[in-house]
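What follows is a single structure, written as structure tokens, with notes after it.
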Amino acid sequence: MIRTNLTKTLKLTASAALIMGAANAATADSNVEVMHWWTSGGEAKALDVLKADLESKGISWSDMPIAGGGGDNANTVLRARVTAGNPPTAAQMLGYAILDWANVDGALGNLNAAAAKENWDAVVPKALQKFAKHDGNWISAPVNIHSTNWMWFNKSALDAVGGKAPTTWEEFVAVLDGMKANGITPLAHGGQAWQEATIFDAVALSLGDDFYTSAFIDLDPAALGGAKMLEAFNRMAKLRSYVDDNFSGRDWNLASAMVIEGKAGVQLMGDWAKGEFLNAGQVPGKDFVCVRFPGTQGAVTFNADQFAMFNVSDDKKASQLAMASSVLSPEFQSAFNVVKGSVPARTDVSDAAFDDCGKKGIADLAEANSAGRLYGSMAHGHAAPDAIKGALYDVVTAHFNGEYSSEEAVQELVAAIDAAK
Ligand code: BGC
């Protein structure tokens, strides 16, 4: 339903922008205006790698940062910009949101020239192409692959409870209890719907690949309303008992800082968290430990940041294509993702420059992909369209904040997803 509205609202505006674009084709504009939500310390450092890369190629950068992890705020601002007939050159975007824009006639540009020259079809994983291409045309440039089923431990805090990273739910609960007894906040958490949903990805995956797939990808009401979903909500309630009193509204990077500073034991977050640890000068294996959420080693819930390219005026098209080429170059993919915490969006980039967590991320992704255990992240827009994601956010966060019992949350989830379909 939302997609249809978006389509109707934007169709005319986008076509108008197209016509204006053709009329303005006179002189080339070497500037790119880029909308994104990379505003934390680690994210900003990664973005600097991109800006410097483009500047070295004569492309200047107009920054349009919209704070808000997960990108919901950015999407809202983007709609307003496009509706006003003034799209940015490129916008950071996730999964199904890209396809929503692709369905708006004339809204997105076409990157086929860059893709053909550099053979993106052969090197970009199919799981990403699903969102980067529409009707056979490349519409966005994949920047990276993140994944959500990670845990980030403070090494000293983990050592203080025996030093072994938990691999089962029971072991995890024991570790969290031990941290509580040691007087620190066990779980560093920021109370925002997308952060709760990020944890929910991992909790759901830990209850089985079949469960994750049938609930989040197939949206099967039996799985959404079944015993495993009840267990997932019960586990979320248990995790809620390990957060501090000030968790509400906290940004994710401030939760990372609690782990970095040893005030908290662990954060359950996608691997963009690693960017914060690195930015604070910390070293994997020495200061922090990265492991998969208990019971999920071997499977990966992924989300890939892409720069969706808008249908800009003709004078801007050359720099847009140049930006897309730069983003997909093997050198940039290595340099950027080493800093960002993610792994390359191409299969042919060496892991040599990556730290141990990055090497593990690359190996885990390859293993999950070849085992058929690579799944789109529900929390980050790669499992189901955004209307469904939003419905899940509402229920998961209401439950986390005590508005529903686990039993009620299961019922609400079935109803909310049904209504959003
Ligand atoms: C994006 C990451 C970003 C994170 C927090 C995720 O949705 O994929 O690139 O770092 O949100 O802002």
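The values are calculated or read from the model by the stated rules, or taken from the named source; none is laboratory data. Fair warning: this is a prediction, and the values are worked out from it, not measured in the lab. Glycine gets a Cβ as well: all are built from the backbone with ideal geometry, and neighbour counts include every protein chain shown. Just the protein is used for accessible areas: all its heavy atoms, side chains included, with ligands, DNA and RNA removed. Shrake-Rupley method; radii C 1.70, N 1.55, O 1.52, S 1.80 Å.
Before moving on, here are some points about what is shown:
- GLY42 vs. criteria of a type outside the set (A, V, I, L, M, F, W, C), at pLDDT below 95 and open to solvent by less than 10 Å² (accessible area, probe 1.4 Å): no
- Selection within region 78-98 - on the phi < 0 side of the Ramachandran plot and within 16 Å of the ligand (Cβ to nearest atom): LEU78, ALA90, ALA91, GLN92, MET93, LEU94, TYR96, ALA97, ILE98
- Residue in region 180-195 that is in contact with a Pro (Cβ under 7 Å, 6 or more places away or on another chain), charged (D, E, K, R) and surrounded by fewer than 21 Cβ atoms within 10 Å (Cβ to Cβ) present: yes
- Selection within region 217-252 - buried (at least 22 other Cβ atoms within 10 Å of the Cβ) and within 16 Å of the ligand (Cβ to nearest atom): TRP252
- The sole residue among ASP201, ASP210, ASP245 that is outside any loop (DSSP other than H, G, I, E, B), free of Cβ contacts under 8 Å to residues at least 60 places away in the same chain and among the acidic types (Asp, Glu) is ASP210.
- Where GLY361 falls short, out of the listed (1) within 16 Å of the ligand (Cβ to nearest atom); (2) part of a helix (DSSP H, G or I); (3) touching a helix residue (DSSP H, G or I) at 6+ places or on another chain (Cβ under 8 Å); (4) small (Gly, Ala, Ser): (3)
- Cβ separations smaller than 6 Å between residues 6+ apart or across chains give no pair from region 372-390 residues that are in the same structural domain as LEU128 (by TED's automatic domain parsing) and in a loop (DSSP other than H, G, I, E, B) to residues that are open to solvent by 30 Å² or more (accessible area, probe 1.4 Å) and more than 11 Å from the ligand (Cβ to nearest atom).
- Contact map, region 330-352: residues that are at positive phi paired with residues that are open to solvent by 10 Å² or more (accessible area, probe 1.4 Å), Cβ distance under 6 Å, separation 6+ or inter-chain. Pairs shown: GLY341/TRP272.
- Long-range neighbours under 6 Å by Cβ, at least six apart or interchain, first residue in contact (Cβ under 8 Å) with a residue 24 or more places away in the chain within region 91-118, second more than 16 Å from the ligand (Cβ to nearest atom) and hydroxyl-bearing (Ser, Thr, Tyr): ASN103/THR7; VAL104/THR7; GLY106/SER15; ALA114/SER325
- Residue within region 92-104 that is among the β-branched types (Val, Ile, Thr), under 24 Å from SER342 (Cα atoms) and assigned to a helix (DSSP H, G or I) present: yes
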